[in-house]
Amino acid sequence: MVTMAGYLDELDITLVEEGFTTKDLLENLLTEAFQTGNREAFFVADLGDVVKKHLRLLKALPRVKPFYAPKCNRSKGVVQMLARLGAGFGCANKPELALVKSAGVPSDRIICTGPCKQISQIRYAASQGVQLMTFDNEVELGKVAWSHPSARMVLSLATDESRSSCRSSMKFGATLKSCRHLLETAKDMNVEVVGVSFHIGSSCTDPQIFTQSIADARLVFEMGAELGYKMRLLDIGGGFSGVEEAKGCFEEATTVVNSALDLYFPEGCGVEIIAELGRYYVDSAFTFVVNIVTKKDVPLHQPGSEDEDLRGKKSFIYHLNDGIYGSFGSVLFNNMCPIPILHKKSSPDPALYSSSLWGPTGDSLDCIAEGLELPELQIGDWLIFETMGAHARPAASSLSGAQPARIYYAMSRVAWEAVRLLQGKVLPAEEEDRESTCTPLSCGWEITDALCIAPILTPESIM
Ligand SMILES: *Cc1c(COP(=O)(O)O)cnc(C)c1O
């Protein structure tokens with residue numbers, strides 16, 4: 001194991017050799033924690049997984065430029081890695097914008113997407129030279145016309161849920177009916193409208209909603225043309241799942257997107273297409289490790305109850321040192337019930353107890369999981385949660401009172417080589433490092449089979 005410090009600004013990334021997984025790194029960290037007595041919760045993030053997702057996306061949606069929505073996970077490692085890979089960014093607020101700018105992302109690769117933008121945010125975007133902004137109503141349009149007259153606006157279209165089995169949780173976007181009026185209003189205000197965006201929402205399971213939305217966008221482009229606009233940007237939003245089990249769904253959705261684009265925005269039509277993905281990039285890359293701080297047992301047999309089966313039986317309540325006001329924000333956002341992996345090996349056939357996991361706040365909403373069947377655990381035991389990258393890192397919440405959990409970044413050498421190649425320039429390798437670097441990638445991308453790229457891609461063809 002080699003530690004390479006300093007390549008991503010002040011980030012430390014542990015470079016792991018082939019065959020050495022992030023699980024091994026996690027074991028090392030837990031051994032270290034055992035020795036030092038440190039029981040803080042932490043993440044292990046496999047940035048190689050983020051790179052893999054990026055390459056998979058470029059291959060699956062060859063006409064689409066990937067943008068990342070940092071509202072899903074603002075961790076510096078992810079933002080800096082994607083900045084290096086040439087992704088764009090869809091920022092919902094000022095702190096996200098500042099984070100992305102600090103990663104050196106050029107302003108023409110940023111779009112401001114928040115549905116209700118504070119004037120100070122619009123002014124900040126203007127001061128940073130960020131021009132692309134979405135809007136879905138007259139008031140927002142007026143705010144931008146006033147505080148950022150050179151903005152290039154993107155009309156955000158509501159996805160039509162009535163024609164799909166999917167119910168998106170998104171409560172923004174203009175209806176198709178209101179678009180003509182909005183475009184006319186923009187004309188009156190002298191605001192430039194350069195394109196259309198939509199976001200199908202994160203709980204959508206019906207990929208046909210993409211076809212409908214892309215068709216709707218086409219109609220708005222035509223309205224715009226009638227009013228004399230030259231629209232040339234289509235933003236198809238996010239909504240792709242990032243868990244490995246959903247790979248089939250990803251392939252299905254991207255196939256649907258490609259055919260709809262070919263139909264409504266054929267190659268050569270002069271429209272630039274971007275997607276703005278959140279969960280897809282980060283979900284599977286993050287593993288969270290958390291410690292049990294309190295334990296209570298609750299007898300299942302209530303005094304006076306006739307139910308003799310329950311006599312002598314109990315369930316357990318465990319409090320962990322992080323909860324939904326911290327790193328388990330995904331429980332609220334994604335409506336998911338996280339299932340832990342136990343770090344301690346239990347006896348071959350342990351007795352199982354109904355168990356619930358709670359955060360440290362004592363708040364009645366701070367419930368991470370209920371109704372789990374687990375062996376009896378002890379204070380100080382570690383629980384491991386996989387696919388914790390999406391919405392797991394809010395800004396430190398005042399309720400939890402804790403600092404955000406530390407993230408240990410790791411990636412394989414192969415992934416690191418891919419990043420260096422994608423960047424189009426070779427980063428300075430440290431002396432002793434140069435020798436042990438695996439086969440140079442002069443041959444193109446074959447070597448990166450492990451990164452799921454089938455045909456030989458050159459950096460040029462990818463960028
Ligand atoms: C959150 C968000 C996204 C990303 O959504 P995912 O489902 O995480 O991919 C994209 N576009 C907009 C406008 C968003 O608000």
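Evaluated against (1) without any contact (Cβ under 8 Å) to a residue 60 or more places away in the chain; (2) open to solvent by 20 Å² or more (accessible area, probe 1.4 Å); (3) within 16 Å of the ligand (Cβ to nearest atom), SER150 falls short on exactly one condition, (3). Among the criteria (1) in contact with a strand residue (DSSP E or B) (Cβ under 6 Å, 6 or more places away or on another chain); (2) of a type outside the set (A, V, I, L, M, F, W, C); (3) in a helix (DSSP H, G or I); (4) open to solvent by 50 Å² or more (accessible area, probe 1.4 Å), the one LYS59 does not fulfil is (1).
Taking GLY77 as the residue in question, decide whether it is more than 14 Å from the ligand (Cβ to nearest atom), assigned by TED's automatic domain parsing to the domain that holds GLY248 and farther than 30 Å from TRP146 by Cβ.
Yes.
Filtering region 194-215 to residues that are at pLDDT 95 or above, open to solvent by 10 Å² or more (accessible area, probe 1.4 Å) and not polar (S, T, N, Q) leaves only ALA215. Please verify whether SER355 is polar (S, T, N, Q) and open to solvent by 20 Å² or more (accessible area, probe 1.4 Å), treating the condition exactly as stated. So SER355 does not fit the description; no. Do we have any residue at all in region 300-321 that's of a type in the set (D, E, K, R) and under 28 Å from ARG279 (Cβ atoms)? The answer is no; no qualifying residue exists. Listed by first and then second residue, the pairs linking a residue in region 299-312 that is under 20 Å from SER356 (Cβ atoms) to a residue that is among the charged types (D, E, K, R), with Cβ atoms under 8 Å apart and 6 or more places separating them unless they lie on different chains, are PRO299/LYS313; PRO299/LYS314; LEU300/LYS313; LEU300/LYS314; HIS301/ASP307; HIS301/ARG311; HIS301/LYS313.
Within region 224-258, the set of residues being away from the ligand (no atom under 14 Å from the Cβ), assigned to a helix (DSSP H, G or I) and surrounded by 20 or more Cβ atoms within 10 Å (Cβ to Cβ) comprises GLY224 only.
The values are calculated or read from the model by the stated rules, or taken from the named source; none is laboratory data. What you see is a predicted model, and the numbers here were worked out from it, not measured in a lab. Cβ: placed from backbone, ideal geometry, glycine included. Neighbour counts: every protein chain shown. Ligands, DNA and RNA are stripped out before the accessible areas are found, and what is left, the full protein with its side chains, is counted by its heavy atoms. Shrake-Rupley method; radii C 1.70, N 1.55, O 1.52, S 1.80 Å.
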